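A short write-up of the structure that comes next.
The values are calculated or read from the model by the stated rules, or taken from the named source; none is laboratory data. Computed from a prediction, not measured in an experiment: that's the story for all the values here. As a convention, Cβ positions derive from the backbone with ideal geometry for all residues, glycine included, and neighbour counts pool all protein chains shown.
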């Protein structure tokens with residue numbers, strides 16, 4: 001009889017101690033999970049700065065590739081000017097770069113598949129009697145600021161090279177007669193806004 005009672009008491013003690021350890025283990029795991037989940041949620045809610053750069057021409061939003069078109073060219077023409085407004089409405093400074101993708105001057109076409117950006121720009125500076133210039137007034141646009149990407153084409157009445165003036169003047173006239181609906185110059189430029197400052 002005493003043996004049975006002793007067994008019962010021992011079982012009760014074992015059950016109590018087992019239950020106590022189980023509760024203790026559950027509490028420790030719950031506390032560890034709480035700390036871990038708190039750390040994870042804290043890292044997830046770290047603020048991410050917004051990035052919003054818009055390109056606008058004549059009130060219309062544009063993509064990165066922008067086309068500039070000139071109806072007709074001739075010696076002594078009025079200076080052609082066009083521009084893109086770039087707005088930074090994000091929360092980070094933006095760095096602006098550009099590269100020429102293609103040049104079409106009447107029936108001549110040059111692309112970045114065959115020429116580097118520098119070669120295409122040099123071509124517009126040296127090959128023709130007219131000169132085409134590209135300019136970004138602010139390569140670094142601060143938060144809430146704006147910049148302008150501008151294109152200008154000039155062909156003075158006398159460029160200094162009579163042979164080129166005569167050749168391209170005649171070619172322009174002939175092209176306009178044969179293709180009255182077509183633009184004589186089309187330049188596609190890729191304007192890129194980046195979070196990283198470009199290397200010189």
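If you go through the range 158-190 and pick out every residue that is at pLDDT 85 or above, in a loop (DSSP other than H, G, I, E, B) and out of contact with any strand residue (DSSP E or B) (no Cβ under 8 Å at 6 or more places or on another chain), you end up with 4. Taking strands (runs of 3 or more DSSP E) as the structural unit, those lying wholly within the range 80-132 and holding at least 1 residues that are without any contact (Cβ under 8 Å) to a residue 40 or more places away in the chain and on the phi < 0 side of the Ramachandran plot correspond to 108-111. Residue-level check: of (1) more than 27 Å from residue 163 (Cα to Cα); (2) at pLDDT 85 or above; (3) not in a loop (DSSP other than H, G, I, E, B), residue 66 misses just (2). Looking at this structure, is residue 80 within 20 Å of residue 152 (Cβ to Cβ) and at pLDDT below 90? For residue 80, the condition - within 20 Å of residue 152 (Cβ to Cβ) and at pLDDT below 90 - is not met.
Please verify whether residue 130 is farther than 17 Å from residue 76 by Cα and either touching a helix residue (DSSP H, G or I) at 6+ places or on another chain (Cβ under 6 Å) or surrounded by 14 or more Cβ atoms within 10 Å (Cβ to Cβ) (or both), treating the condition exactly as stated. For residue 130, the condition - farther than 17 Å from residue 76 by Cα and either touching a helix residue (DSSP H, G or I) at 6+ places or on another chain (Cβ under 6 Å) or surrounded by 14 or more Cβ atoms within 10 Å (Cβ to Cβ) (or both) - is not met.
When restricted to residues that are more than 24 Å from the chain's Cα centre (by Cα), at pLDDT 90 or above and either more than 23 Å from residue 147 (Cβ to Cβ) or exposed (fewer than 15 other Cβ atoms within 10 Å of the Cβ) (or both), the range 105-126 contains 7.
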